[in-house]
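Everything on this sheet refers to the single structure shown next.
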């Protein structure tokens, strides 16, 4: 609680935060909702010299909006998890995202925590990075002068590791909307409600005539980043809902850690169970979408 | 933007807030959390420091109506905000408000450390027209830890407070619809 003093800078615009990052370099940390940074500061794990506050930036601007753009759902970086979970446009265009946001922490975390904060923090067990990888989203990032897009799968590089340059911020996320006939599911398992997930899974399935035509499946919490499971997506093609769970066994390509929370073997088991459950739930939603 | 320099690292700044209806302006370190600002600077000591990670909920306050962990927000970030803490739940004459009274009557506090946070988590629910069920109370309160009561009395108290608030708000807020929703 008795944190080392730091200099506080409030950015009125996101571009101004990039200017400040260029000025202060590695001594500076950006704060939005603070739900990842403040625990690290309170526990003494982070001790920035400068904290750049973007939580009040662009009061009426794009960073705070959720919108629809040519079949894509666009979400501003400062949108809180509470808003994303309750938003009607998001629910209509890509319901998986709000369902994932509703599973984050507790209501206090969701009231302050922001989309950009969660994505840029890139915790391997976090809900939104997993959802974004499963959905094939991309992030608009900018240093205030130049913007670029980075695919979610190429953004979450490892434990708290991203390709963001020192002066870049996430501006928004662009998420493909749920296509006709697709079903979705998001599930996670944690020791206690609100705790970090030991494992989580997201699935999107499009079935036709009772059989899976295509799917997207990803797991979180078991590797140093969320991972898409191409092997399982291929194995699922042609399966009926009843067959889907039997089309794959142990999940390959994952490397869970053993820690005080759970053993690697238990995490691998959870991942397999959650993938099966989400695939079945997504199949059922896909079939219901045809009715 | 001001110019950089190590001399003003940790400089103080004035923060203004309306706490339980009372305007307060205090100068404090720019690195002070809202919790530290409330407790150590403004003398509002009902929110407690528990974990510092947003897990335990003992520092829960409402900022512009939304429940937040006051240990995870910098006071400077919420300059100008309306803050509500548990001591503000009392009646204008200083007697216990409906939530506080329900906690008292249902023995929902034992050591009392979690109580200010529990009260504010419950207050956020009631202000939102919730809870709709006992399960929703349990689900919502998973963000507030109590090591004494086993939670049962706390859930009872929130239910009782909701009934009391609805009864007091008259025919527009009938208990019947709440019962039907269960």
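For the reader, a short list of remarks on this structure follows.
- Any helices (runs of 4 or more DSSP H) falling wholly within the stretch A:1-117 and containing at least 3 residues that are within 10 Å of chain B (Cβ to nearest Cβ): A:14-24, A:37-42, A:107-112
- So residue B:108, is it without any contact (Cβ under 8 Å) to a residue 60 or more places away in the chain, within 28 Å of residue B:32 (Cβ to Cβ) and either within 15 Å of the chain's Cα centre (by Cα) or surrounded by 18 or more Cβ atoms within 10 Å (Cβ to Cβ) (or both): no
- Residue under evaluation residue A:48, criteria (1) in contact (Cβ under 8 Å) with a residue 12 or more places away in the chain; (2) in contact with a helix residue (DSSP H, G or I) (Cβ under 9 Å, 6 or more places away or on another chain); (3) assigned by TED's automatic domain parsing to the domain that holds residue A:142, criterion not met: (3)
- Under the condition of being in contact with a strand residue (DSSP E or B) (Cβ under 9 Å, 6 or more places away or on another chain), in a loop (DSSP other than H, G, I, E, B) and more than 23 Å from residue A:128 (Cα to Cα), the residues counted in the stretch A:228-246 number 3.
- Complete set of residues in the stretch A:59-71 that are in contact with a helix residue (DSSP H, G or I) (Cβ under 8 Å, 6 or more places away or on another chain) and either under 12 Å from residue A:116 (Cβ atoms) or surrounded by fewer than 18 Cβ atoms within 10 Å (Cβ to Cβ) (or both): A:63, A:67, A:68
- For beta carbons closer than 8 Å, sequence separation of 6+ or different chains, a first residue in the stretch A:140-169 that is closer than 17 Å to residue A:16 by Cβ and a second that is at pLDDT below 95 and surrounded by fewer than 19 Cβ atoms within 10 Å (Cβ to Cβ), the qualifying pairs are A:166/A:25; A:166/A:26.
- If you check B:99, B:74, B:89 for being surrounded by 21 or more Cβ atoms within 10 Å (Cβ to Cβ), modelled with pLDDT of 95 or more and within 14 Å of chain A (Cβ to nearest Cβ), only one passes: B:74.
- Every test in (1) in contact with a helix residue (DSSP H, G or I) (Cβ under 8 Å, 6 or more places away or on another chain); (2) surrounded by 20 or more Cβ atoms within 10 Å (Cβ to Cβ); (3) under 25 Å from residue A:279 (Cα atoms) is passed by residue A:153 save one, and that test is (2).
- Counted residues, the stretch B:151-182 - those being modelled with pLDDT under 50, outside any helix (DSSP H, G or I) and closer than 17 Å to residue B:125 by Cβ: 2
- Selection status of residue A:217, within 24 Å of residue A:15 (Cβ to Cβ) and assigned to a strand (DSSP E or B): no
- The stretch A:246-267 residues that are in contact (Cβ under 8 Å) with a residue 24 or more places away in the chain, paired with ones that are in a loop (DSSP other than H, G, I, E, B) and surrounded by fewer than 17 Cβ atoms within 10 Å (Cβ to Cβ) (beta carbon under 7 Å, 6 or more apart): A:261/A:191
- Residues of the stretch B:111-147 that turn out to be within 14 Å of residue B:65 (Cβ to Cβ), without any contact (Cβ under 8 Å) to a residue 12 or more places away in the chain and away from chain A (no Cβ under 11 Å), as a count: 1
- Of all the criteria given as (1) in contact with a strand residue (DSSP E or B) (Cβ under 9 Å, 6 or more places away or on another chain); (2) under 15 Å from residue A:222 (Cβ atoms); (3) surrounded by fewer than 21 Cβ atoms within 10 Å (Cβ to Cβ), the one not satisfied by residue A:256 is (3).
- Meets criteria (surrounded by 19 or more Cβ atoms within 10 Å (Cβ to Cβ) and in the same structural domain as residue A:168 (by TED's automatic domain parsing)) for residue A:98: yes
- Hits in the stretch B:34-58 - residues which are surrounded by 20 or more Cβ atoms within 10 Å (Cβ to Cβ) and within 9 Å of chain A (Cβ to nearest Cβ): B:35, B:36, B:52, B:54, B:55, B:57
- Condition check for residue A:46: within 28 Å of residue B:144 (Cα to Cα) and surrounded by 23 or more Cβ atoms within 10 Å (Cβ to Cβ): no
- Subset of the stretch B:5-27 that is within 9 Å of chain A (Cβ to nearest Cβ) and touching a strand residue (DSSP E or B) at 6+ places or on another chain (Cβ under 8 Å) - its residue that is modelled with the highest pLDDT: B:13
The values are calculated or read from the model by the stated rules, or taken from the named source; none is laboratory data. Bear in mind the structure is a predicted one, so any value in this text is a computation, not a measurement. So basically every Cβ, Gly included, is an ideal-geometry build from the backbone, and we count neighbours across all protein chains shown.
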